Amino acid sequence: MTNIIAPQIPELCLVIPVLNERANIAPLVGLIDGVLVGIAWEVIFVDDDSRDGTRTAIADIAAQHPNVRLLHRIGRRGLASAFVEGAQASLAPLIGVMDGDLQHDERLLPQMVEALRSGDYDIAMGSRHVAGGGLGEWDKTRAGMSDIATRLSRAVLKTPVSDPMSGFFMIRRPVFEQAVRGLSAIGFKILLDIIASLPTPPRIKELPYVFRSRVAGESKLDAGVLRDFALLLIDKLIGHIVPVRFVMFAFVGALGIAAHLLVLRIGLTLGHLGFAEAQLSATGVAILGNFLLNNIFTFGDRRLKGWRFVGGLATFSLICAVGAVGNLGVASFLFGAQHSSWWFAGLIGAAMSLVWNYAVSSVITWRRR
Ligand code: GDD
Ligand code: MN
């Protein structure tokens, strides 16, 4: 026996990813507290280093609600990984996630708990696309984008889900555990990620809600979110075969070859260059183009700027040059000594340099800091 008054493990842990949501914290906790009656709950705010005083607001509200906790992450971004880490910081048998900007209707929370308690469902989710649900005041562009994304995501799901883009749901911990090691945890769309990572289709309860308008703070939807969504889909489709970053790198490389041939052709015809000069210009354009695209897309999360950009271009060019020498060596060996056909020798040489360029540039040019 100990004489410490131990707090019980709550039944529900609600993970709330937040980034610059200062003004929304206190009202949100008030609303949650109001609806979760008769349920032992805790809230974990996962904050990715907000600069607007969000953590102070969380500390203030936690002083009155000791079941409000904070996970402060530095140098990290993304709703999906925020959810995973928040969930893993808790032992509650039910794990929920909702936005921290009051756009999700908290009145669904008790219904979600009830659905999961019944044992008939693995996941209970808020849906904007069942009768009674809606997008609220979304403009045509946003609604259209969401519609396209929803259709695309059906390609990676074996289960029919009306609103796979929803970021508002609750899951039983054992089900979460079944998915967690297979998660991509890239970007925003954690529900899609979880459903696609489960070995068997989950039983899903869909509850309608209308997406509310944002009152305070700003949306974080930007080009990076779209890029992450594309990466998530690719990873879910072929990530078990090759890493998604390598696919991007190879894709950019293929564009580079196209650009190379184009510049070579222009140099030879319009530019009246000799073959060596034209080939040199084409190589330069291809390397520079590849560097720029890889810096924006493939390694967008480690993007180089300022002097690092200059240094990165130098190491990348050098790595590619070494890759080209290796390519030439392997291809010549296969073609000459092994009497392989020209296309086989060429292909293996090119594949060699692709793998080399990727492996070395990811640890030197775009190394993790
Ligand atoms: N920790 C963390 N890190 N939180 C983040 C990050 C991040 O990088 N980016 C956004 N958030 C938080 C915001 O502070 C907010 O609480 C919540 O995640 C949603 O971000 P919004 O920027 O408001 O998203 P939205 O309204 O455009 O998107 C919503 O719509 C989707 C449905 O299409 C989100 O609700 C998604 O969850 C939902 O799937
Ligand atoms: Mn929002």
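Each value in this text was obtained by applying a stated rule to the coordinates, not by laboratory testing. Quick caveat, the model's predicted, so the values are computed rather than measured. When we count neighbours, we look across all protein chains shown, and the Cβ atoms used for this are built from the backbone with ideal geometry, even at glycine.
List of remarks:
- ALA359/ILE296 FRET efficiency (R0 22 Å; Cβ-Cβ; nearest 0.05): 0.60
- Distance between the pseudo-spin-label points of THR200 and VAL325 (7 Å out from Cα toward the beta carbon): 5.7 nm.
- For ILE44, the residues whose amide H sits under 5 Å from its own are LEU14, VAL15, ILE16, ARG69, ignoring neighbours fewer than 5 places away on the same chain, with H placed 1.01 Å from N.
- Straightening the chain between ALA26 and LEU288 buys 89.4 nm, computed as 0.36 nm per residue apart minus the Cα-Cα spacing.
- Spin-label model distance (nm) - ARG265 vs ARG142, 7 Å beyond Cα toward Cβ: 4.4 nm
- For segment 100-163 and segment 241-308, distance of Cα centres in Å: 41 Å
- Theoretical FRET efficiency, 1/(1+(r/R0)^6), r = Cβ-Cβ of GLN279 and LEU347, R0 22 Å, to 0.05: 0.65
- Antiparallel DSSP beta bridges within the chain, percent to nearest 5: 25 percent
- Burial ranking of peptide ranges 323-335, 124-136 (average Cβ count within 10 Å, highest at the top): 124-136, 323-335
- Extension gain (nm, one decimal) between PHE246 and ALA131, 0.36 nm per residue minus Cα-Cα: 37.2 nm
- Gaussian network model of the chain, Cα within-10 Å springs - most flexible of SER50, SER340, SER81: SER340
- FRET efficiency estimate (nearest 0.05) - Cβ-Cβ, ARG76 to GLN8, R0 35 angstrom: 0.70
- Each Cα pair under 8 Å and six or more residues apart adds its sequence gap; the mean of these over the residue count of the chain is a relative contact order of 14 percent.
- Estimated distance in nm for a label pair at ARG367 and ASP60, the labels positioned 7 Å out from Cα along Cα-to-Cβ: 4.4 nm
- Gain on full extension, evaluated as 0.36 nm per residue between ARG117 and LEU226 minus their Cα-Cα distance, stands at 35.7 nm.
- In plain terms, the chain is cut at each of the GluC sites (Glu not before Pro) found in a DSSP loop with at most 13 other Cβ atoms within 10 Å, and the longest leftover piece is 219-369.
- Filter on LYS140/LYS189; LYS140/LYS220; LYS140/LYS205; LYS189/LYS305 - keep pairs with C-alpha separation over 23 Å: LYS140/LYS205; LYS189/LYS305
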